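The values are calculated or read from the model by the stated rules, or taken from the named source; none is laboratory data. Note that this is a predicted model, so its numbers are computed, not measured. Here Cβ is always computed from backbone atoms with ideal geometry, including for glycine, and neighbour counts include all displayed protein chains.
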Amino acid sequence: MPTSPDLFDQWAAAPQASPVQDNAPTPEPQPEPAPETTPATPQPLRRALQELLRSGLLEQASKPQLFRHIASDTARINRLLEPLDLQVRVDDLRGLAYVAVAPGWQADDAEDGDEWTHPLVRRQRLTLEQSLLLAVLRREFLQREQEGGLGVAVQLGLDGLLPQLEIYLGATGSDMQDRKRLLELLEKLRAHGVVSEVDAQDQLTIRPMIVHLANPENLQGLLAHLRGLQQAGSNDV
């Protein structure tokens, strides 16, 4: 009986199929879609935002055009500031725009036990004397607003401010030393944008930022601190 051919031999003897020639042209690759572009920020708004970030605030009284750009396009400004965890807040009644840390911002890590580590905003702590003077100035500012209306320029003389401060800090016994102490405290507060420089007539302007810096929450913290000092003094007696 003849043997069946090996399976390998059958495959080898089978005619090989010729490869199919594809004469169709190779399709060209489709161009990648162009990346979406956002409209460029108008130059006036750029200048307004740069000035806002430079000084931290804008007042309508001193820079009306820049303030108008910020106040009229606040939503766009906040979109630009969102990646920085910042936002602009506008007080239309007092003509003030200022930069603040966005609500809900939390530091990734804390240094030296301090929860404040925002990379773009330096926290400037006030001394007790500065805080007391700030409270006195805020009270004076709100009283003048009630008398003259919102947006009124509030000016105050050193002679009227000294007796109010001495109620809390006491007098040194030297008029020159009392005046020097007051001027040094005012200069520290001027860096926070709440008062102007004292002019040649010993007059200063209380700026509207004082309402937001010395807000009720901060004043409550000051009051709690004073109560703590009073309690500590009572325990030492």
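Brief remarks follow.
- When we screen GLY160, GLY151, GLY170, GLY193 for residues that are on the phi > 0 side of the Ramachandran plot and without any contact (Cβ under 8 Å) to a residue 24 or more places away in the chain, the only hit is GLY170.
- A count restricted to region 65-96 and to residues that are without any contact (Cβ under 8 Å) to a residue 40 or more places away in the chain and either in the same structural domain as VAL152 (by TED's automatic domain parsing) or not polar (S, T, N, Q) (or both) stands at 21.
- Residue, farthest from VAL136 (Cα to Cα), within region 193-219, restricted to residues that are touching a helix residue (DSSP H, G or I) at 6+ places or on another chain (Cβ under 6 Å) and assigned to a loop (DSSP other than H, G, I, E, B): ASP202
- Here the helices (runs of 4 or more DSSP H) wholly within region 1-99 that include at least 1 residues being at pLDDT 90 or above and under 30 Å from SER196 (Cβ atoms) are 43-55, 64-72, 74-81.
- Members of region 45-64 found to be touching a residue at least 60 places away in the same chain (Cβ under 8 Å), more than 13 Å from the chain's Cα centre (by Cα) and crowded, with 17+ Cβ neighbours inside 10 Å, listed by number: GLU59
- Residue count, region 167-186 (criterion: surrounded by fewer than 14 Cβ atoms within 10 Å (Cβ to Cβ), farther than 18 Å from ALA135 by Cβ and among the charged types (D, E, K, R)): 2
- Which listed residue, of LEU156, LEU132, LEU142, LEU189, is assigned to a strand (DSSP E or B) and surrounded by 14 or more Cβ atoms within 10 Å (Cβ to Cβ): LEU156
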